[in-house]
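The values are calculated or read from the model by the stated rules, or taken from the named source; none is laboratory data. Just so it is clear, the structure is predicted and the values come from calculations on it, not from any experiment. With ideal geometry, Cβ positions are generated from the backbone for all residues, glycine too; neighbour counts draw on all protein chains shown.
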Amino acid sequence: MDLYKLTITQASKGLKEKKFSSKELTKSVLARIKSIDKLVKAYVTVDEENALHKANKADKLLMKKRADNPLVGIPFALKDNICTTDIRTTASSNVLKDYLPIFNGTVAKKLKEKNIVLLGKTNMDAWAHGSSTEASDFFTTRNPWNLGRLPGGSSGGSAASIMSDMTIGSIGTETAGSIRQPSAWCGAVGLKPTYGRVSRYGIVAMGSSLDSPGPITKTVEDAAIVLNAIAGFDPYDATSSPKKVENYTKDIGKKIKGMKIGIADMYIESSQKNIQEKIYQAIEVFKKLGAKVKNVNLVDPQYAISVYTILQRAEVSANLARFDGIRYGYGRDKFGEEAKRRIMLGTYALSTGYYDALYLKAQQIRTMIVEDFEKVFKKVDVIIGPTAPCTALPLGSSKTSPMFGEVQDILAEPSTISGLPGISIPCGFSDGLPAGLQVIGPQFSEKKIIQVAHAFEQETNYFKEKPKL
Amino acid sequence: MIKENFEPIIGLEIHVELKTKSKMFCGCNADWFGKVPNTLCCPVCLALPGTLPFPNRIAVEWCVMLGLALNCDIPVFSKFDRKNYFYPDLPKGYQISQYDKPFAINGSLETNTNQPINKLTNQQIRKKIRIRRVHMEEDTGKLLHATIDGAKCTLIDFNRSGMPLVEIVTEPDIRSSEEARIFLKKLHQIIRYIGISDADMEKGSMRLEPNISVRKFSRNKNQSPNKLKLPNYKVEVKNINSFNFAKKAIDFELDRHISILEKGEVPAQETRGWDEKKGITYTQRTKEEAHDYRYFPEPDIPPIRWTKPQISKLKAQICELPDKKIKRFIKDYKISEYDATILTDELETADYYENSIKYQVSSKKYKGITPKIIANWIINKKTDITKVTPEKLVNLISQKQQIVQMDDKELEAIIQKVLKANPKAVADFKSGKQQALMFLVGQVMREAKGKAEAEETKRFLSKMLN
């Protein structure tokens, strides 16, 4: 049995039933990394020794039947912008190339407390600026379905590692699309929680009013299991929500008959024909499952690009100011092209005389978009649509346009600037590349979008398809 | 000396470091003064990647309380902002502050002025200085310039980084350096009364920045002085750590501005530093070098929305402030405004005074002791209130009073005896020699073996001699 192929649910069951040990599972995944990561290049750092040590520790707990949660002994990969005290945290940037944090980010801390086995840290666009991983200061990660294609980003390493079975579970972060778009391009499940549902503490900040960490997994159920472990109020993050955490696996398997699902033509039409086809097929699947599909009107997602770009660049320009060359060992000359571009644009947008015309106006439109969604969610339970406008593009595609990321993330931006949760799941293949469908819900409706995504996943079984590597 | 046709226009910015237990945005110990450098810091106040600020509730409440004490409005909606600038002592590359939605706005503080006492009402002329805003921000680290192994270098101590700081900004209502000094003393007193800061100038927990300009004096009597146009320049003076230095720096600037204005020129808009050794100010930063701080709402901290009960609750926590206390002391204890002012200068003294009165009233043994007498003892006899308890003080007064209240007849008898024994001195006094009286007082007191009180004896002697 190739243990590395397992999902969290399967691996957890196997560990509890003592079919294999965490050490065996971890070794299997590490061997997989050794054999194919030279092709996929998903990891920035792999820490074999530490992983095996943690696996041993987990095995002891499993032996004593003291495994109190489904993540004990499960190998995990974290995006390299999540601070970990045992593995350097680079944000795939040369500025933090040798930075070893002195504290664990809350997400890492929570997972470590659940006794996961941390394998290593995955590649990303430097500082999470991008949607391709081509903006990584180190190297580009490849799409496991086609090594000549991009994995998407910025959590490209996490999505690629999951779909090439180089980890059992993984965590990405999303500002706008950075979990969902690479999940769509790699055929993974990517869940971007409501802003404030999962703590941002210890995540190298990108767009502070938008950043949301979340799971990238092989199945919807896995995503729910991981969300159960990482969600909740954090006294270190004033923007984290004190709202009670639900059991996100609770409604898994429940029928979605009678559920009202909204579709917005504007969103579907913003994607290419091959994607549109898959979405129309998906609508039929939902109808077959008994859902009521309704057309809804949403503000043109085009506007979200402008709003998102201004707000995010403004926040980036301040967030990167701490890398002033005094600490961390490297100077500002180590910033890559994209980071420099964003600092410049954000600084400009906040300057006297431009603030009102740019930042303030963007905030006003943001409020309009928030209200637009609120109106629509009075009529429907969830909205479905394409995750990304197209399937994975060839290597080099992002180099031609400084707005590559914003255009790729057009379908994630409106919901992210409204703080809404969304989940991307595979909805078919086009020329051997996965297409992604996203389910968006009102704030704190994670349980519901998980239920809907799970129903679709189980009906279609696309998740059973694996890239041949 | 200010020439008559020029009018000083002065506004003040005051920074006050709060004495909360922990820092503004993290749990670090806030008692940083005098501690070994970089021993009171954590990932948050060092601004390590991924860290986030979590506002200190007490600090925010204290800021609002100060606003209330300064008669400010507390807007229902408030928020933090990022003030962006680079400096090695600012580890985030921005300071969390408040820009357009401060915690408190539109207040005022009434102070005495240096104007002569109004003879008719026998009251000092009072003046209202408007408070523009009171807001919350964080302090920076400290730079230490040193030479290590022969090389000049700058060291950074982050112990102070992230300390809660309140900034108070007045309107340009102050018209003289003495008015500024009086205002600052009053503000200092209120801050210490509410107990939110030591406001210790030496430790830098209260820092003063006057904004100074001078306008040609042409006041129209019908026009409110505050509606007159302000001069088209202003000079800010930094690094001032005493009220007297603030006064001196203002005077230095006023003279400088007037001499420039007299030449028909306009002083440069700039930030100047204060050199306390030389007693002069010097250019630090000119208008051209002024920062564009690129303020924007701090996304890491949700906006604050107050409810009316929350504000009332904070208002109720503010103790009785000096002005009110003075009035009450005059009314309840029948003491002079002068005495009441001295007794309320510090809250500790005022409390001590009232505790003494309470003890006197409750114990019923000391009927002859009035609040006025207790006040005299604290003020004139300079009772050390840190060593003598209120109970002890009342006892002490009582003992002395029993002595003073020596029987009048007994005293008269002694005086008669002394007068008989010293006919020469009596004759001298009657021929106009005042020293003779003091000699006789001395004799009486010696005869009374310490039981007589000098003033009382003198009064009796004079009466009997005449």
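Laid out as a table, the results:
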{"item": "Residues within the stretch B:1-25 that are surrounded by fewer than 23 Cβ atoms within 10 Å (Cβ to Cβ) and within 14 Å of another protein chain (Cβ to nearest Cβ), tallied", "result": "1"}
{"item": "Residue ID - farthest from A:Ala238 (Cα to Cα), chosen from residues in the stretch B:278-296 that are at the interface with chain A (Cβ under 8 Å from one of its Cβ atoms) and at pLDDT 95 or above", "result": "B:Arg294"}
{"item": "Filter pass, B:Lys92 being part of a loop (DSSP other than H, G, I, E, B), away from chain A (no Cβ under 14 Å) and modelled with pLDDT of 95 or more", "result": "no"}
{"item": "Criterion (among the polar types (S, T, N, Q) and out of contact with any Phe, Trp or Tyr (no Cβ under 7 Å at 6 or more places or on another chain)) met by exactly one of B:Asn38, B:Asn5, B:Asn106", "result": "B:Asn106"}
{"item": "Residues of the stretch A:219-240 that turn out to be surrounded by 21 or more Cβ atoms within 10 Å (Cβ to Cβ) and part of a loop (DSSP other than H, G, I, E, B), as a count", "result": "5"}
{"item": "Unique residue being in the same structural domain as B:Asp275 (by TED's automatic domain parsing) and modelled with pLDDT of 95 or more when the list is B:Met201, B:Met163", "result": "B:Met163"}
{"item": "Matching option when the condition is touching a Cys at 6+ places or on another chain (Cβ under 8 Å) and under 30 Å from A:Glu284 (Cα atoms), among A:Ala392, A:Ala412", "result": "A:Ala392"}
{"item": "Check on B:Met65, of a type outside the set (D, E, K, R), touching a Leu at 6+ places or on another chain (Cβ under 7 Å) and not in a loop (DSSP other than H, G, I, E, B)", "result": "yes"}
{"item": "Helices (runs of 4 or more DSSP H) within the stretch A:294-378 that include 2 or more residues more than 11 Å from every other protein chain (Cβ to nearest Cβ), more than 26 Å from B:Tyr85 (Cβ to Cβ) and over 23 Å from the mean Cα position of the chain (by Cα)", "result": "A:361-376"}
{"item": "Whichever residue in the stretch A:75-129 is away from every other protein chain (no Cβ under 14 Å) and of a type in the set (Lys, Arg) and, among such residues, is surrounded by the most Cβ atoms within 10 Å (Cβ to Cβ)", "result": "A:Lys114"}
{"item": "Lone qualifier among A:Ser132, A:Ser136 - being in contact with a Pro (Cβ under 9 Å, 6 or more places away or on another chain) and closer than 24 Å to A:Glu337 by Cβ", "result": "A:Ser132"}
{"item": "Condition broken by A:Asn69, with the remaining ones in (1) in contact with a Ser or Thr (Cβ under 7 Å, 6 or more places away or on another chain); (2) touching a residue at least 24 places away in the same chain (Cβ under 8 Å); (3) not in a helix (DSSP H, G or I) satisfied", "result": "(1)"}
{"item": "Which numbered condition A:Ile261 misses (of (1) in a loop (DSSP other than H, G, I, E, B); (2) over 30 Å from A:Leu358 (Cα atoms))", "result": "(1)"}
{"item": "Residues that are surrounded by fewer than 18 Cβ atoms within 10 Å (Cβ to Cβ) and either more than 18 Å from A:Leu6 (Cα to Cα) or of a type in the set (S, T, N, Q) (or both), drawn from the stretch A:32-44", "result": "A:Ser35, A:Lys38, A:Leu39"}
{"item": "Any chance B:Lys358 is in a helix (DSSP H, G or I) and either in the same structural domain as B:Asp332 (by TED's automatic domain parsing) or more than 19 Å from B:Tyr333 (Cα to Cα) (or both)", "result": "yes"}
{"item": "Residue tally, condition farther than 25 Å from B:Cys28 by Cβ and either in contact with a Gly (Cβ under 6 Å, 6 or more places away or on another chain) or not aliphatic (A, V, I, L, M) (or both), over the stretch B:133-185", "result": "18"}
{"item": "Criterion violated by A:Asn461 - all others in (1) of a type in the set (S, T, N, Q); (2) surrounded by fewer than 24 Cβ atoms within 10 Å (Cβ to Cβ); (3) in contact (Cβ under 8 Å) with a residue 24 or more places away in the chain satisfied", "result": "(3)"}
{"item": "Candidates A:Thr84, A:Thr141, A:Thr45, A:Thr122 - the one that is at negative phi, out of contact with any helix residue (DSSP H, G or I) (no Cβ under 8 Å at 6 or more places or on another chain) and modelled with pLDDT of 95 or more", "result": "A:Thr45"}
{"item": "Those residues of the stretch B:253-307 which are part of a loop (DSSP other than H, G, I, E, B), of a type in the set (Ser, Thr, Tyr) and surrounded by 15 or more Cβ atoms within 10 Å (Cβ to Cβ), in sequence order", "result": "B:Tyr293, B:Tyr295"}
{"item": "Residue list for the stretch A:88-136, restricted to those being under 22 Å from B:Val44 (Cβ atoms), among the hydroxyl-bearing types (Ser, Thr, Tyr) and assigned to a loop (DSSP other than H, G, I, E, B)", "result": "A:Thr89, A:Thr90, A:Ser93, A:Tyr99"}
{"item": "Single residue of the stretch A:180-218 satisfying the filter (hydrophobic (A, V, I, L, M, F, W, C) and in a loop (DSSP other than H, G, I, E, B)) that is farthest from the other protein chains (Cβ to nearest Cβ)", "result": "A:Ala188"}
{"item": "Failed condition for A:Ser317, given (1) free of Cβ contacts under 8 Å to residues at least 60 places away in the same chain; (2) surrounded by fewer than 17 Cβ atoms within 10 Å (Cβ to Cβ); (3) closer than 30 Å to A:Val407 by Cβ", "result": "(2)"}
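Rundown of residues vs (1) more than 9 Å from chain A (Cβ to nearest Cβ); (2) not in a strand (DSSP E or B), yes/no style:
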position: B:Val36; (1), (2): yes, yes
position: B:Thr51; (1), (2): no, yes
position: B:Val60; (1), (2): yes, yes
position: B:Arg82; (1), (2): no, no
position: B:Asp100; (1), (2): yes, yes
